[in-house]
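Working notes, structure below.
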Amino acid sequence: MKYKLIIGTLCIPLLALGVVTQLYLLMPVSTNLLQFIKHATTNNIGLLTTLFGFFYAVGLIIWGSLSDRIGKDLTLIIGLLLLACVSFIVPLLHNYYLLLFARAVQGFCAASFPPVALAWVSINLPDSSKPKAISLISCAFLLAATIGQWLGSLLISNSLYYAMWFLTGIYACGATIFYFYYLKNKQNYQVTPSATLLSICCKIPNILTNRKLLPVYLCSLFVLLSFVSLYSVLHRSALIVYVPTLRNISIIAMLFSLTSSYLFKVIKPAYVLAIALCLMAFSLFIHTFFLTDRLNTLVILYFCHFMLIIGLAYAVPSMIVCIATQSEIKDRGIATSLYTCILFIGASLGALLPTFITPPILITSLSILLMVCAIQLILNLKAHH
């Protein structure tokens with residue numbers, strides 16, 4: 001049990017941080033990549049993040065189905081080993097189109113970890129330790145958004161070797177830990193081969209159109225989309241000099257997600273989500289005044305950014321709880337995988353949209369959409385009371 005607790009509350013959160021970091025790793029260094037990747041341009045470089053995010057989102061559902069057939073431990077071992085292999089190869093590719101293909105494969109392999117790791121925790125840890133572990137993993141997923149960017153700006157200058165091979169080592173260590181755990185517990189191994197990818201795909205339309213779940217799914221589309229779009233815009237604007245400070249502020253604010261379980265005891269998760277979205281909408285809108293040089297007081301910028309990330313830190317666990325409590329027990333796994341899929345489709349679009357839409361228009365539109373999501377969530381709550 002002690003070994004399980006160490007894996008669940010230490011190894012899995014650290015691996016979660018390392019895996020999801022890949023999505024944000026290349027965001028702050030797009031101009032650096034243009035120097036050593038052939039056929040890369042300012043218009044297509046964002047696809048290296050977008051395509052990773054898209055295949056990551058699709059892979060979440062496929063790997064979740066596979067883990068039901070072959071077991072959680074074996075899925076984690078295979079997924080982490082494949083991710084380590086692809087991450088090792090990525091720096092060796094200097095052609096943009098080969099690198100784009102490798103990033104798509106990398107995204108698909110990375111998707112093997114988050115849903116299966118959460119399922120591993122729910123199966124292997126005692127009830128008293130589950131909330132702590134899930135809270136730590138959720139916090140790690142959020143922290144990856146800023147630590148991934150920091151790691152990219154620190155390790156990527158004229159090659160991808162240092163960043164990718166550092167992460168390769170983390171994935172290989174993770175695969176080794178789960179391999180030894182698998183050998184130790186092989187005799188107790190249980191799988192449920194009833195679930196198939198086809199049966200999951202057949203359930204998706206009904207889950208998506210569920211009146212209780214649809215408002216939450218709409219929220220999940222815009223939450224990470226807004227965050228990633230903002231940082232993509234900041235890296236291309238005059239505000240880029242303040243990005244390191246904003247990242248440090250984000251790391252502190254994201255730690256507030258660890259207190260979400262205590263907040264849910266006082267306020268219903270759906271109301272916490274609505275408040276978080278309103279906070280995100282308002283603080284995101286204030287950023288447009290800085291992007292258009294109508295405001296230049298740094299204290300206001302830092303405060304608004306802190307409020308934005310606080311909103312994000314509470315929105316993500318709120319959505320997880322809303323999906324878990326409002327979905328049918330038999331569909332809970334699929335409903336959660338679908339939520340994660342939509343969340344990261346939003347993140348992948350966030351890296352692409354700033355290329356096509358003027359930054360102030362994009363950020364203002366996303367602020368309005370977040371507010372609309374909050375309003376429709378409140379109206380939906382009132383309709384079901």
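The values are calculated or read from the model by the stated rules, or taken from the named source; none is laboratory data. All values derive from a computational prediction rather than experimental measurement. Cβ: placed from backbone, ideal geometry, glycine included. Neighbour counts: every protein chain shown. Protein only, heavy atoms only, side chains kept; ligands, DNA and RNA dropped before computing areas. Shrake-Rupley method; radii C 1.70, N 1.55, O 1.52, S 1.80 Å.
Structure notes:
- S159 vs. criteria closer than 22 Å to C85 by Cα, at pLDDT below 95 and either over 14 Å from the mean Cα position of the chain (by Cα) or outside any helix (DSSP H, G or I) (or both): yes
- Residue within the stretch 345-367 that is over 17 Å from Y231 (Cα atoms) and either of a type in the set (S, T, Y) or open to solvent by less than 50 Å² (accessible area, probe 1.4 Å) (or both) present: no
- Restricting A144, A119, A102 to residues that are closer than 30 Å to D331 by Cα, assigned to a helix (DSSP H, G or I) and modelled with pLDDT of 85 or more narrows the list to A144.
- Restricted to the stretch 289-305, and to residues there that are of a type in the set (V, I, T) and assigned to a helix (DSSP H, G or I), the residue that is least open to solvent (accessible area, probe 1.4 Å) is I300.
- The residues of the stretch 208-245 that are more than 19 Å from the chain's Cα centre (by Cα), surrounded by fewer than 21 Cβ atoms within 10 Å (Cβ to Cβ) and part of a helix (DSSP H, G or I), listed by number, are L208, L214, A238, L239, I240, V241, Y242, V243, P244, T245.
- Among the residues of the stretch 67-83, the ones that are open to solvent by less than 10 Å² (accessible area, probe 1.4 Å) and assigned to a helix (DSSP H, G or I) come to 6 in all.
- Lone unmet requirement of (1) open to solvent by 30 Å² or more (accessible area, probe 1.4 Å); (2) in contact with a Phe, Trp or Tyr (Cβ under 7 Å, 6 or more places away or on another chain) for L93: (2)
- Being of a type in the set (A, V, I, L, M, F, W, C) and over 24 Å from L25 (Cα atoms) holds for only one residue in A335, A351, A347, and it is A335.
- Cβ pairs under 9 Å, 6+ apart, first in the stretch 48-61 and in contact (Cβ under 8 Å) with a residue 24 or more places away in the chain, second in a helix (DSSP H, G or I) and among the basic types (K, R): L48/R103; T49/R103; L51/R103; F52/R103; F55/R103
- Of the candidates S261, S257, the single residue that is part of a helix (DSSP H, G or I), open to solvent by 10 Å² or more (accessible area, probe 1.4 Å) and in contact with a Pro (Cβ under 8 Å, 6 or more places away or on another chain) is S261.
- Flag for T31 being part of a helix (DSSP H, G or I), of a type outside the set (A, V, I, L, M) and surrounded by fewer than 23 Cβ atoms within 10 Å (Cβ to Cβ): yes
- If only residues of the stretch 189-204 that are open to solvent by less than 70 Å² (accessible area, probe 1.4 Å) and either of a type in the set (K, R) or modelled with pLDDT of 70 or more (or both) are counted, the one that is farthest from T75 (Cα to Cα) is I204.
- Among (1) assigned to a loop (DSSP other than H, G, I, E, B); (2) within 28 Å of P205 (Cβ to Cβ); (3) over 18 Å from the mean Cα position of the chain (by Cα) - the single one S112 does not satisfy: (3)
- Applying a threshold of 9 Å to beta carbon distances and a minimum spacing of six or more residues, or different chains, the list of pairs starting in the stretch 264-288 at a residue that is in a helix (DSSP H, G or I) and ending at one that is charged (D, E, K, R) reads T288/R294.
- Among the conditions (1) assigned to a helix (DSSP H, G or I); (2) at pLDDT 90 or above, T41 misses just one, which is (1).
- Output for the stretch 160-188, where each listed residue is of a type outside the set (V, I, T) and surrounded by 18 or more Cβ atoms within 10 Å (Cβ to Cβ): L160, A163, M164, L167, Y171, G174, A175, F178, Y181
- The single condition from (1) modelled with pLDDT under 90; (2) within 18 Å of the chain's Cα centre (by Cα) that P131 fails is (2).
- Any chance T336 is over 26 Å from N210 (Cβ atoms), touching a Gly at 6+ places or on another chain (Cβ under 9 Å), assigned to a helix (DSSP H, G or I) and open to solvent by 30 Å² or more (accessible area, probe 1.4 Å): no
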